[in-house]
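The next block holds one structure in the form of structure tokens; read it before the comments.
The values are calculated or read from the model by the stated rules, or taken from the named source; none is laboratory data. If you're wondering where the values come from, they're calculated on a predicted model, not measured in any experiment. Heads up, the Cβs are rebuilt from the backbone with ideal geometry, glycines too, and the neighbour counts pull from every protein chain shown. Just the protein is used for accessible areas: all its heavy atoms, side chains included, with ligands, DNA and RNA removed. Shrake-Rupley method; radii C 1.70, N 1.55, O 1.52, S 1.80 Å.
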Amino acid sequence: QFFFLRSREHPLMTTQLRAYPDAESSLRPDFTGHTLIIPCLTIGNVGQLAVDLLVSTLSLPRVSHLDHPYIIPVVGNDAVTPYGSGVICTSLELFYDSARRVVILQQRGPVVRGRGREYANDLVRWIKDQKIARVVMLHSADATFRMDQQIIGNQRKYFGDDNNHFHIEAGSRLEGDNLDSAVPEGTLSRAIYDNLLQQSVPALGLTLFCNEGDNIVDAIAMAAWLQEVLPSSGQHAASTQPSLSPSTSSSAPGTIKWIFPSSWQLIQGDAFHTSLYQ
């Protein structure tokens, strides 16, 4: 359960993104040359669910909490650790893996209405200050508003850099009207993406069309796609390329053995009693 704390704007409030080291972590990492993964606050919370799945599967440590005046404060039980452990989560959390050269930002709190562009500007400024090399955005689009040509065929779509920084084999590129339909102007996702382009930060957006509901399957599909996009450590062991290499199942070589976060146990509430239908 999450609690939203009422936020009140102040005329002297500065729009700056601040990082506070996690009290339980001794890591003070340098993010130079790393890949940042950020979820988009889009339909089904697919990006956020995929991030929790990645953090749980890869056992990534949380290294800091971030704070911004235009992100509504949130506090609740940690989504990954077992219930009753006393660990809490907040609006913005940063997870880190030096071996894979990956940084993951989880966002649980919404942006104050009308302040998305300011937050996007500050986020990209922070990315530049940290010397992060590239950004992957995990985005979902409403399947109801697909164009005719998007209904049939591969539902994996992407936008942004697909040349030298990422490994794209499956999926079709969103451009022009298709991009405007899936990632509309005026949304937070588009503001972040446009700002990254303006600041010459290599950025890739992974998009899945989906509907609101039980989006666990979509989150797994998104996390698996991300694992394909960021080459495995075996492929680039001696390079500075990012990688995501979770453990694999011995019964099915090459199949990722996902470890579901504890919060998914009640994601759709308690199971119904079968006697109701007998």
For this session: Give the ranking of Arg117, Arg156 by solvent-accessible surface, highest area first, calculated with a 1.4 Å probe.
Result: Arg117, Arg156
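Let me spell out the model: positive unit charges on the Cβ of Lys and Arg, negative unit charges on the Cβ of Asp and Glu, origin at the Cα centre of region 27-183. What dipole size does that give, in debye rounded to 20? The partial results should precede the final answer.
Numbers: 16 positive and 17 negative charges, 58 e Å.
The dipole magnitude comes to about 280 debye.
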Seminar exercise, completed: For region 38-192, averaging the sequence separation of alpha carbon pairs under 8 Å that lie six or more residues apart and dividing by its residue count, the contact order in percent is 26 percent
Seminar exercise, completed: Simple spin-label estimate for His273/Lys131, 7 Å along Cα→Cβ, in nm, reads 6.2 nm
Exercise. Heavy-atom accessible area of Phe272 with all protein chains present, probe 1.4 Å, nearest 10 Å²?
Worked result: 140 Å²
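Accessible area per residue of region 19-75 at 1.4 Å probe, in Å²?
On the way: 1960 Å² over 57 residues.
Normalised by residue count, the accessible surface of region 19-75 is 34 Å².
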Exercise. For Glu212 and Asp148, FRET efficiency with R0 = 25 Å and r from the beta-carbon atoms, rounded to 0.05?
Worked result: 0.70
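By accessible area of protein heavy atoms, probe 1.4 Å, what ranking do Ser64, Ser59 get, highest first? Show your work: numbers first, answer last.
Working: Ser64 10, Ser59 90 Å².
Largest accessible area first, the residues go Ser59, Ser64.
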For this session: Using a 1.4 angstrom probe on heavy atoms only, work out the carbon and sulfur share of the accessible area of region 16-92 in %.
Result: 57 percent
Exercise. Going from most exposed to least, what order do Arg190, Arg173, Arg113 have by accessible area with a 1.4 Å probe?
Worked result: Arg113, Arg173, Arg190
Exercise. With every protein chain present, what accessible area does Arg115 have (1.4 Å probe, heavy atoms only), rounded to the nearest 10 Å²?
Worked result: 70 Å²
